[in-house]
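Undergrad: Below are the C-alpha cells for one structure; questions will follow.
The values are calculated or read from the model by the stated rules, or taken from the named source; none is laboratory data. What you are looking at is a predicted structure, and each value in this text was computed from that prediction instead of being measured. Don't worry about glycine lacking a Cβ; one is built from the backbone with ideal geometry, like all the others, and counts go over all protein chains shown. Side chains are part of the model used for accessible areas, which takes the heavy atoms of the whole protein and leaves out ligands, DNA and RNA. Shrake-Rupley method; radii C 1.70, N 1.55, O 1.52, S 1.80 Å.
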Amino acid sequence: MDLKEFLTKASLAHGVSGFEFMDVASLVRDAMDGLVDEVKVDLLGNVVGVKYGEGAQPRPKIMLAGHMDEIGLIITKIEEGGFLRFAPVGGVDQRVLPAHEVIVYGRRPLTGVIGVKPPHLTSPEEAKKAYKMEDLFIDVGLPEEEVRELVRVGDVATFKRQVSELMGDRFSGKALDDRAGVAVILVCLEELRKYKVDADVYAVATSQEEIGCRGAVVSTYGIEPDIGIAIDVCHGETPGVPEWRTSSVGKGPALAQGGNIHPKVFAALEKAAKEIGIKAQKEIAPAATGTDAWVMQISRAGVATGLISIPLRYMHTSVETLAISDVEDAGRLLARFIASVDAGFVKELKSWI
Amino acid sequence: MDLKTLTSLSGVSGNEYEARSAIIKQLESMGISYECDVMGNVIAKKGDRGPKVLLDAHMDEVGLMITHVEKNGFLRFAPVGGIDPRVLVSKRVLVGKEKIPGVIGAKAIHLQERDERTQVIPIDRLFIDIGAESGEQAQGKVKAGDYVVFDTEYQELSPGIIKAKALDDRVGCALLFEVLKQDWKEIQLYAVFAVQEEVGLRGARVAAFAVEPDMGIALEGTVCADIPGTDKEFQATRLGKGVALSIMDRGSIPDRKMLNQLVKLAEDEGIPYQFREATSGGNDAGAIQQTKAGCPVASVSVPCRYIHTPCSLMSTSDFEAARKLLIKFLESVEGGFRP
Amino acid sequence: MKDLIKRLTEAFGPSGSEGPVREVITKEVEPYVDEIRVDALGNLICLKKGSGGGKKVILDAHMDEIGVIVTHIDEKGFLRFASVGGVYPVVTLGQRVYFENGTFGVIGSEKLDDIKDLKLDKLFIDIGAANREEASQKVKVGDMGAFFQPAVDLGNRVVAKAMDDRIGCVVVIEALKRLKQTQHDIYAVFATQEEVGLRGARVAAYGIEPDVGIAFDVTSTGDTPKARTMDVSLGKGAAIKVKDSSLVCHPGLRDYLVKLAEAKGIPYQMEVLEWGGTDSGAIQLTRAGVPAAVISIPSRYIHSPSEMVDIGDVEACVKLCVAACESPLDF
C-alpha cells in the first residue's frame, strides 16, 4: 500500500458522521480486502475486517478502532432564493466557515460557497464578532427551483479541500482526523504479515465517533474483545498553546496514559515501541479521552483499552496537518504489540496485585 | 476495615492500586471470595441462593494528575474528577507511587495586584512544589502522568465527628465491610468496590453487567450543606440527622418500592433517616439501573460536608444509621421483599 | 381519537412516576395485543404477534412527562422543588401542579429584582397548607407533581400538557387498533424516563433485542413568528427524522419510510432537529446495534403545559405506522 496515496484518497472521500456509507466506507472496505480474512459492515455502518490468529482456542481477541467519519454540515432548511441553512454534525468551529467552499451531497454533488456580507457593507462593530452558524448559509449558485429538486432537508455537506504536500513529510488536508487512524490500521495489517500472531484481530473503521463514539459502542459490543486499541489524533504543537498541552508532529505517535488506559496495555505498547526502535511520545489523559477508547473500555463487563494518537495540528479545520512518518510508525508499533499478545497476557489483565 | 485506614489509602480514579490492594487483603483475611475484572473493580460475594443484590461503593477518590514537569522543577497538574479550583491553593499533597510530599503554592498576597485577590486562580495556573531545584531533579522523582492525592490527616474533631479526605466514598466501602461481616443465606450478596466513579460511573457499569443483579444499592458519602449562608431548603442533607435516602439525582430515580421499603424499615426500627433534598449530582446507581434489561436501584448515603475537597467531615451516628438500615433492608430481602 | 388524546394527556405520569398513565394505556391496548408485561424500570411492553417470517419491531413512545419533584417542605408549609426533565422556569411561573394523590398547588416566586434572576430555586409550590405538619399530610419529599392543564380542542388542532409524548402513545395505540395483519412481531413499548435520559427505552430494547426500532415522539417546528430556523411546520404531515442530537437515523430505514409515505400518499416532511433527542437514540445503540428511525409529530411549544399538535399530522403518523407494520421492512 502506498501510504500517501491512501491518505490522499481517504482525505478526499466524504463520510460525515452517520453518512459514512455514502463514500468512505467502500474505500476502506476495498483497502482492507486482501489484508484480512473477511470484511463485514455492521448495522451502524462500521467496517469490520477480521484477521484470524494462529493461537490455540480460545484465542485472544484484539479490536482496533480508527474512526472513518468526519465532521460536516447538514441541511436544515431551503430558504427563499435557494440558499441553504445548515447545522453542524460534530464539533464544527463556526469561525472557519465564512467563505469556505463546500460540497453538498444532494441528488448529485453540488459545489457551494458559505456566503458572507462584503466588508464594504459591514459595520466596524459587526466585524468584531465571529459569525454565528445560524446566520450562515450555503450558496450553490442555482435557481431555487433547481435547488429544491436537487437538495433535500437532511442532506449533508463537507468542506471542499484538496490535500497539500508540505515540506518534509508533512501532509495536510481535511478529515485526517481520523482517516489517519484508519491508515495506521492498514499499515498494521500489512506489517502483521511479518509476524506469527496468536490473536484474532478485528480491524474496525468506526462510524459516528464525532457525534458520541456511537459506532464504537455497538461494534465493541458485537465483537466482545479482550483488548481494544483506539487509534486517533491528538493536538500537535501550535503557536499560542503551551507546549505541555500538545505533542510534536513528526516525533512519533503518542501513547495515552490515564484511567481510560489499562496499565498493562500501556506498558506493552511502550515495550513494543522500544523493541522496534520507535520514539513514542506520551499523552496525559487525566479522565475522559474523548475517543473510541472511552466507550470501548466500558463495553459489557469491561475491555482492557489502549490509545495511540497521531499528533495533528489544526484539528477540525480543513487543513489538518500531520507527519506521514508518525502514521507509519504507529502502524508498525501496533503490529509489534499485537504479535506480543498471547493468552497469558490476556489472563494477566484481570490481575491487579 | 475502619474509616481511618480506608481514608488514608490513596486511590485517585484510574489509579486505585493502594486502596484495592488493602481491600483485597481485608477480604482475604475475612475469608470472603472475590474477583477482579479488567477495569480493576473488586467484586466480593457472599451467599449462593436467592435474588442477586448488588451493593456498590466506589473506592476511587477525586485527585490530581501531573501533566508536566517545568524546567524549574515546578509541577503542572490537571484535576481527576470534579474539583473546585478555589479549594486547592495552600494545600499539602502526595505525588506519585513514592508519595513525594508537595505543596500547592501561590503568589504571595504582597505580590498580587489589588484585583487579583478577587479572581479565581484557574487550575492550569496552579502548580505543585516538591522542593526540586530544577526540572532534572524533579524528573528523578516524578513524571507526567503521576497521580496526586491530598495529604490530610484523619482526625476525630469531637466524639463522633470525623475529619478525613476521601470520605466520598470510603465511607461506602466501610459500609460494605460491615455488611460482609454478616452471613447471608437467602440472598446472593455482591459487594462491588468500584473504580472510576468520579470520572463517569465507569467501574460500576461493567461490574453490574457481569453480575446482572436483581436489585442494586449505591452506598455513598453524599453532599451535605448544613452550613452558614445556605438556606434550609438548599442544604440537601444535615450532619447527624441520620442516613440519607435519595429521591432522584442526575443519574437515576430510585425504584419507588425500594425507597418506600427503606423508609418503612427506618420508621419501624427507629433508625434516624432523612431524604437527600436535592436532585443534583449522580452516583453509581445511575449506571447500575441501566444494566442490560434494567435493574431497580436505590441510594443509601452518609452525609459528608465538604466532599470533593481535601478534607471532609462526617458523623459516626449517620454511619451507624446507614449500617443498621442496610442490614435491615437485606434481611427484609431475605424475608421475601422484592422491588 | 380526540377523546383518547384528552384522556392520555390528562393522565398523571412524570418520569419515574408513570403508574397512572400506564394503567390508562394498559386498558386501552389490552384487546389489541397478545401479551403485556411491565419490566424493572416500569416500561409497558405489549406484544402483538406476527403471522411469522417477519422481524422483531419496536414501536416506541414514551409515556412519561416533565414535571416537578418536592425537595423540601418548610415550616410554613411551602414546598421547594426541582425539575423532572427539562422544565423552563419562565414557563412554570403561575402554573398549577397536581400530585398523584390529587393534591393541587400553585407555583409562586420569591421577590425578584430582575426577571432574569428567575430560576427554579426561586420558586415554590403553595398547596394551601398552613404549616409543615399540614403540608406533610398531603405531600412528602420525593413526591412528583405534574402540570395541570386540561386538553382543549381547537378544531383541526389540539392543545394539552404532556402532548410530549402522549401523542406518540396515541399514534402507537391507534396503529395497534387499526393493524389487521402483519408478519412482524410488534413490540409496542410505552417507555418510562425518556425526559431524564432515555432510560426506559434503553433497557426495554436490551430485553427485547429488536431487529428494527421506530420511535414516535414530538418534534419542534419553525413555523411560528421569528422561530428558530427549522423546516418542519404544523399541518404538513408526519415528520421523518434524519438527525437529532441523539441519533442519525438508519439511512435505509429512513428512506424506506419516505418511499412508503409516497406510495401510500401520506403527507410527510423531512426533519433535522438541532436540539433534543429521543428514545431511538438509545434503541440504536442497543447491544450490537439496531436500525432505528423516528416518525415525529410536529408540535409547538414543547415542554410547556400547552403543547399543540395538528390532527392531520397525527393521522398521517398513524397511517405511516400502520403502513410500516404491514410492509416487509426489507430496507
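Undergrad: With a/c under 1.5 counting as rounded, go ahead and sort the protein assembly as shown into rounded, prolate or oblate using the C-alpha gyration tensor (a ≥ b ≥ c being the square roots of the eigenvalues; past the cut-off, prolate if a/b is larger than b/c, else oblate).
TA: It is rounded, given that a/c, with a ≥ b ≥ c, falls under 1.5.
Undergrad: Is there a simple number for the mean count of other chain Cβ atoms within 10 Å of the Cβ of residues in B:282-294, and what is it?
TA: Across B:282-294, the average partner-chain Cβ count within 10 Å equals 4.
Undergrad: On the accessible surface of chain A, probed at 1.4 Å, how many percent belong to carbon and sulfur atoms?
TA: The nonpolar share, carbon plus sulfur, comes to 51 percent.
Undergrad: Which residues in segment B:165-202 place their backbone N less than 11 Å from a point set 7 Å from the Cα of residue B:48 along the Cα-to-Cβ direction?
TA: Once the point is set 7 Å along Cα→Cβ of residue B:48, nothing inside segment B:165-202 turns out to lie under 11 Å by backbone N.
Undergrad: Taking chain A as the reference, fit the longest principal axis to its C-alpha atoms, fit the long axis of helix A:263-275 to the helix C-alpha atoms, and give the angle between the two in degrees, 0 to 90, nearest 10.
TA: Result, in degrees: 90.
Undergrad: Which residues does the label zone of residue C:106 cover in segment C:116-137, counting backbone N under 14 Å from a point 7 Å along Cα→Cβ?
TA: C:124-129
Undergrad: Note the angle between two axes, namely the Cα long axis of helix B:256-269 and the longest principal axis of the Cα atoms of chain B, as a number of degrees from 0 to 90, rounded to the nearest 10.
TA: 80 degrees
Undergrad: Using only the Cα atoms of segment A:136-231, build the gyration tensor, take square roots of its eigenvalues as a ≥ b ≥ c, and label the shape rounded, prolate or oblate: rounded if a/c is under 1.5, else prolate if a/b is larger than b/c, else oblate.
TA: Judged from the Cα gyration tensor, segment A:136-231 comes out oblate (a/c at least 1.5, b/c at or above a/b).
Undergrad: Apply the Karplus parameterisation 6.51 cos²θ - 1.76 cosθ + 1.60, with θ equal to phi minus 60°, to every residue of segment C:72-88 and state each ³J(HN,Hα) to the nearest whole Hz, in sequence, with x for glycine and proline.
TA: Rounded to whole hertz, the list is 6, 10, 8, 4, 8, x, 7, 9, 8, 8, 10, 7, 10, x, x, 10, 8.
Undergrad: Pick out, in residue order, every one of the trypsin sites (Lys or Arg not before Pro) in segment A:266-329 that is DSSP loop and has at most 13 other C-beta atoms within 10 Å; say none if there are none.
TA: Passing sites in segment A:266-329 are A:279.
Undergrad: Determine the total buried accessible area between chain A and chain B, counting protein heavy atoms only with a 1.4 Å probe; round to the nearest 100 Å².
TA: For A against B, buried area totals roughly 2500 Å².
Undergrad: I want to check the label-to-label distance for residue C:228 and residue B:98. Put each point 7 Å from Cα in the C-beta direction and report it in nm to one decimal.
TA: 5.4 nm
Undergrad: Which distance in nm do the two modelled labels at residue C:119 and residue C:34 give, with both placed 7 Å along the Cα-to-Cβ direction?
TA: Taking the simple label geometry, residue C:119 and residue C:34 are separated by 5.4 nm.
Undergrad: Go through segment B:71-85 residue by residue and turn each phi into a ³J(HN,Hα) via Karplus (6.51, -1.76, 1.60, θ = phi - 60°); whole Hz please, and just put x for glycine and proline.
TA: Going residue by residue, I get 4, 8, x, 6, 10, 8, 8, 10, x, 10, x, x, 10, 6, x Hz, with x marking Gly and Pro.
Undergrad: Now for a separate question. From the cross-link list B:52/C:56; A:4/B:71; C:180/C:264, which pairs have alpha carbons spaced over 28 Å apart?
TA: Pairs exceeding 28 Å: B:52/C:56; A:4/B:71.
Undergrad: Per residue of B:247-259, count partner chain C-beta atoms within 10 Å of its C-beta, then hand back the mean as an integer.
TA: 5
Undergrad: Mean residue ellipticity at 222 nm from the helices of chain B, using -39,500 (n - 2.57) per DSSP H segment of n ≥ 4 over the full residue count, to the nearest 500 deg cm²/dmol?
TA: The per-residue figure over chain B is -8000 deg cm²/dmol.
Undergrad: Another question, then. Using the Karplus curve 6.51 cos²θ - 1.76 cosθ + 1.60 with θ = phi - 60°, what ³J(HN,Hα) values do you get for each residue of segment A:125-142, in whole Hz, with x for Gly and Pro?
TA: After applying 6.51 cos²θ - 1.76 cosθ + 1.60, I find 5, 4, 5, 7, 9, 5, 5, 8, 4, 5, 8, 8, 8, 9, 10, 9, x, 10 Hz.
Undergrad: While we're here: What relative contact order, as a whole-number percentage, does segment C:1-114 give when Cα pairs under 8 Å and 6 or more residues apart are counted?
TA: Reported as a whole number, the value is 18 percent.
Undergrad: With the other protein chains left in place, how much accessible area per residue, in square angstrom, belongs to segment A:72-159 at a 1.4 angstrom probe?
TA: 54 Å²
Undergrad: Rounded to the nearest 100 Å², what's the accessible area chains B and C bury against each other, both chains counted, probe 1.4 Å?
TA: By this definition, chains B and C bury close to 2100 Å².
Undergrad: So the label point goes 7 Å from the Cα of residue C:287 along Cα→C-beta, right? Which residues of segment C:196-231 then have their backbone N under 19 Å from it?
TA: Correct set: C:200-215.
Undergrad: Right, something else. How high is the relative contact order of segment B:100-140, in percent, with contacts defined as C-alpha pairs under 8 Å that are six or more residues apart?
TA: That works out to 55 percent.
Undergrad: Between exposed GluC sites (Glu not before Pro) in chain C, where DSSP calls loop and at most 11 other Cβ atoms lie within 10 Å, what's the longest gap?
TA: Formally, the longest exposed-site-free interval is C:111-331.
Undergrad: Now for a different question. In segment C:191-295, which trypsin sites (Lys or Arg not before Pro) fall in coil by DSSP and have 14 or fewer other Cβ atoms within 10 Å?
TA: C:226, C:228
Undergrad: Write down the accessible area per residue of segment B:68-175 in Å², having rolled a 1.4 Å probe over the full set of protein chains.
TA: 54 Å²
Undergrad: Here is a further query. Roughly what angle does helix A:324-340 make with the longest principal axis of chain A, taking Cα atoms, 0 to 90 degrees, to the nearest 10?
TA: Once rounded, the angle reads 30 degrees.
Undergrad: Would you mind working out the accessible area per residue for segment C:68-147, using a 1.4 Å probe, and quoting it in Å²?
TA: 49 Å²
Undergrad: May I ask you to find the residues of segment C:259-308 that are shielded by at least 30 Å² of accessible area once the whole protein assembly is considered instead of their isolated chain (probe 1.4 Å)?
TA: Buried-area filter returns C:270, C:272, C:274, C:284, C:285, C:287, C:288, C:289.
Undergrad: Let me have the 222 nm mean residue ellipticity of chain A computed from DSSP H runs of 4+ only, each contributing -39500 (n - 2.57), with the sum over all residues rounded to the nearest 500.
TA: Taking each H run of at least 4 residues, the total per residue is -8000 deg cm²/dmol.
Undergrad: Which parts of segment B:190-237, residue by residue, lose 20 Å² or more of accessible area when the rest of the protein chains are there, as against the chain isolated (1.4 Å probe)?
TA: B:196, B:199, B:202, B:205, B:206, B:209, B:232, B:233, B:234
Undergrad: Rounded to the nearest 100 Å², what is the buried accessible area between A and C, both sides summed, probe 1.4 Å?
TA: Interface between A and C: roughly 2100 Å².
Undergrad: Classify chain A as rounded, prolate or oblate, taking a ≥ b ≥ c as the square roots of the eigenvalues of its Cα gyration tensor: rounded when a/c is under 1.5, otherwise prolate if a/b is larger than b/c and oblate if not.
TA: prolate
Undergrad: Looking at segment C:63-140, which trypsin sites (Lys or Arg not before Pro) are DSSP coil and have at most 15 other C-beta atoms within 10 Å of their C-beta?
TA: C:76, C:111, C:119, C:140
Undergrad: Can you tell me, using C-alpha contacts under 8 Å and at least 6 residues apart, the relative contact order of segment C:68-147 as a whole percent?
TA: 45 percent
Undergrad: Using a 1.4 Å probe on the protein chains only, how many percent of the accessible area of segment C:68-147 belongs to carbon and sulfur?
TA: Carbon with sulfur: 49 percent of the solvent-accessible area.
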